[in-house]
Amino acid sequence: MRRALVLVVCLFVFLMAVAAQAGEIVVQGGMDANMDFVFHRTVAFPGGASRVECSFVAPKGFVSTTYTQDVKDFSLEFSPKPDKRTSRTDARGNEIITAQWSDPPRAVEMTYAAKTKSVTRLDRITTDAAFPLPSVPRDVSPYLGATPLVQADDPVIQQTARALTQGAATEYEAASKVVNWVADHVRYVSSPKSYGALYSLESGRGNCQNYSHLTAALLRAVGVPVRIVNGFTVKNPYSVRAENITYTFKAGQGRHSWIEVWFPDLGWIPFDPQKTSLFVSNRFLRIEVGLDNKETQNDGRIRWVSKSGSERPRLNTVTTAELPADVVKLSGRTREAELRNILLYPDVAETAVASRTSAPAAKPAASEPAAPAPSPQKALVPPVHPAPAAKPAAESEPPSKPKPAASAAARGETPPAPALQAKPADEPQPPRASQAAPAPSPPEASAAPAHPKPAAESERPKSFPEPKPAAGKNEATPEPALKPTPKPPSEADRTGTPAKPEPSPEPAPEAQLPEAARPKPAAPAPQPGQAAVIGNLDFPENVDFADYGEPVKVGAHAYELTRNFMVETAEYVTTQATQFAQAVALERPLRLTRIGLALHRYGGNGSLWVEVYEDAGGQPGELLATSELLDPRLLSLKPGYRWADFSFRDEPASLRPGVYWIALAFTGDPIVNWFYTPGKSIGPSWGTRYKGVFDPSWSGALDFEFNYRLKGVYQ
């Protein structure tokens with residue numbers, strides 16, 4: 001009994017330590033890049049089509065306090081040329097270009113190309129916007145409304161929003177509390193059952209659309225205007241150095257959804273609820289805005305009338321992006337927060353002294369026009385055995401894949417809009433949880449905008465593991481300094497009184513959240529001898545990202561295919577320059593017999609195996625076990641990712657509770673990608689590490705989590 005009690009206490013301390021090693025990074029500096037972006041798609045209709053229509057949205061310039069997009073050139077070409085091409089601007093300011101073919105050939109090609117200059121500037125931000133907002137401009141008020149996907153009027157959403165923002169005196173504080181909670185509450189999955197806010201609140205699952213919808217619903221429920229943004233992200237990583245760790249952030253190359261929040265003194269400010277607050281990186285291409293992702297589905301939409309019935313068209317989609325000029329100069333400091341995922345913030349100072357009772361939310365003006373709504377509807381990387389002639393890399397940055405895979409193809413993930421006399425489909429509504437009192441009324445809509453539109457359109461120092469310094473590590477040549485963006489003087493500049501720095505937002509007391517928003521109870525503890533399957537298990541298995549998407553029938557022989565957010569997120573891990581390691585946290589003793597990795601092979605030969613290491617202060621330590629060899633030629637060249645199992649049958653490893661590291665080792669020249677999930681699904685925030693093969697310590701941490709599974713028997 002005493003031994004069992006000691007084991008339980010040690011396990012509790014271990015789990016608390018893992019949970020504590022996460023939080024926020026306050027970032028300063030900037031990113032300045034020129035982007036050459038091309039989206040190319042071929043759509044083939046095997047049975048022929050009597051009519052084809054496709055639409056795209058032209059990218060526009062955007063200026064905010066932290067992120068600027070300047071569109072230098074844009075072109076949209078079709079082959080063959082359409083019979084009719086039109087352009088219109090919708091109620092949200094999106095320029096929608098539509099092409100129609102009345103008697104099209106069996107295949108249509110489209111090429112969307114943009115050249116932009118994107119700048120992210122993270123100087124200190126000063127805001128005095130009180131919470132709740134007393135009023136909003138009339139042109140902003142539509143972004144306070146509820147939709148079938150952003151259920152801001154749902155009692156559970158409203159109760160959760162009030163609990164999360166309780167005590168917030170400023171809009172920044174309220175928004176930060178909501179974004180932090182969403183980032184940790186939602187676990188990323190590629191294909192959720194629904195894209196609505198309520199589904200994500202109740203299930204804790206979703207993709208980028210769900211993160212955007214849930215954040216928007218919670219903020220709109222307490223009177224903060226939010227609009228949904230759609231566009232693309234590119235795969236080029238960027239890094240932030242903080243407390244002896246280089247944090248590297250990377251996105252899949254494909255479509256993405258994020259949000260913009262309106263501040264009375266700042267205007268529209270971008271947020272990516274998966275990883276950043278008050279800014280997005282310059283790896284984003286902003287294209288379309290709206291009330292939700294049902295409304296923002298014009299870019300990349302295809303409609304057709306089939307001659308042969310329901311035969312699915314064949315797609316070939318390739319997205320490429322080059323950054324011919326790219327300057328990144330970012331530095332950071334960690335700030336403690338009870339977060340599983342790492343969130344990036346700029347340095348923010350608040351001058352507001354209002355309390356939550358000093359600025360009560362007013363009811364909307366009686367003359368306010370109704371807003372148009374959408375149609376219903378963590379172990380270790382082994383030695384890589386580099387060739388003797390290999391030279392050490394100056395900086396341990398993750399490499400680019402030598403053979404990039406095609407990006408995501410369009411698929412209708414949100415309910416389709418009416419098309420070709422089609423009946424709209426409704427968004428599935430999950431069952432409601434407990435009811436709550438009504439939320440405060442939204443702010444009053446002012447007769448005129450209170451803030452002018454932009455002129456141009458054209459883990460903590462103590463809780464993080466401290467890796468040992470990389471002795472003799474070569475530093476990269478300093479990049480040229482970025483020129484600061486001129487800005488108006490702050491309150492501190494005008495009065496000489498220092499502005500108050502913003503502390504990390506306090507989490508909402510769990511007891512105040514509705515039942516649906518609370519963490520789900522843990523599963524019953526497994527018994528000794530029970531089979532174990534542990535890991536980051538969810539990934540889009542066997543998906544061809546170049547030919548992905550399922551048409552939706554919208555009329556007699558009429559179909560529609562809208563843009564989708566299924567993006568290939570993977571890292572080239574059989575490089576001779578960089579090693580990767582994934583942390584695995586075990587809560588119970590395990591007799592390990594097999595490890596599976598989500599892999600895809602592009603070619604090459606040699607041998608693959610997996611190594612297991614013990615933890616040494618937040619990075620791989622002593623080698624504990626090695627799997628049997630696997631011939632990479634056994635991995636299919638067919639598009640998509642699948643489990644590759646590595647056996648420990650001859651020498652099973654007995655692992656006690658704690659953190660371990662797994663890594664893929666190899667000989668020869670196999671070209672293999674390892675799929676990953678954005679954010680941290682189950683492991684600690686520092687649990688995906690990398691380093692140059694000649695570096696003595698694992699000084700790099702990645703913001704994603706590789707997909708892996710451990711099989712064995714509980715002991």
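Contact order normalised by length for the range 182-227, with contacts defined as Cα pairs under 8 Å and 6 or more residues apart; what percent is it?
Values: 57 pairs, mean separation 15.9, N = 46.
Answer for the range 182-227 is 35 percent.
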For the range 611-626, Karplus couplings with θ = phi - 60° (6.51, -1.76, 1.60), whole Hz, Gly/Pro x
10, 10, 10, 7, 7, 10, x, x, 8, x, x, 6, 5, 10, 7, 10
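Are any of the pairs K72/K329; K72/K193; K72/K307; K250/K638; K680/K711; K115/K329 more than 29 Å apart by Cα-Cα distance, and if so, which?
Details: K72/K329 23 Å; K72/K193 39 Å; K72/K307 41 Å; K250/K638 25 Å; K680/K711 21 Å; K115/K329 22 Å.
Long pairs (Cα-Cα over 29 Å): K72/K193; K72/K307.
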Quick one: if you stick a label point 7 Å off each Cα along the C-beta vector at T667 and V38, how many nm between them?
4.1 nm
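So, by mean Cβ neighbours within 10 angstrom, what's the order for 319-327, 560-568 with the highest one leading? Could you put the intermediate results ahead of the total?
Working: 319-327: 16.0, 560-568: 24.7.
Result, highest mean first: 560-568, 319-327.
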With r as the distance between the Cβ atoms of R649 and L537 and R0 = 30 Å, compute the FRET efficiency 1/(1 + (r/R0)^6) and round to 0.05.
0.90
V43: net charge of surrounding residues, Cβ under 12 Å, Lys/Arg +1, Asp/Glu -1, itself excluded?
+3
For a label point 7 Å along the Cα-to-beta-carbon line of Q100, residues of the range 44-65 with backbone N under 20 Å
49-58
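Every number in this text was worked out from the coordinates using simple rules, so none of it is lab data. Everything numeric here is computed off the predicted structure, so don't read it as measured data. Note that each Cβ is placed from the backbone with ideal geometry, even for glycine, and that neighbours are counted across all protein chains shown.
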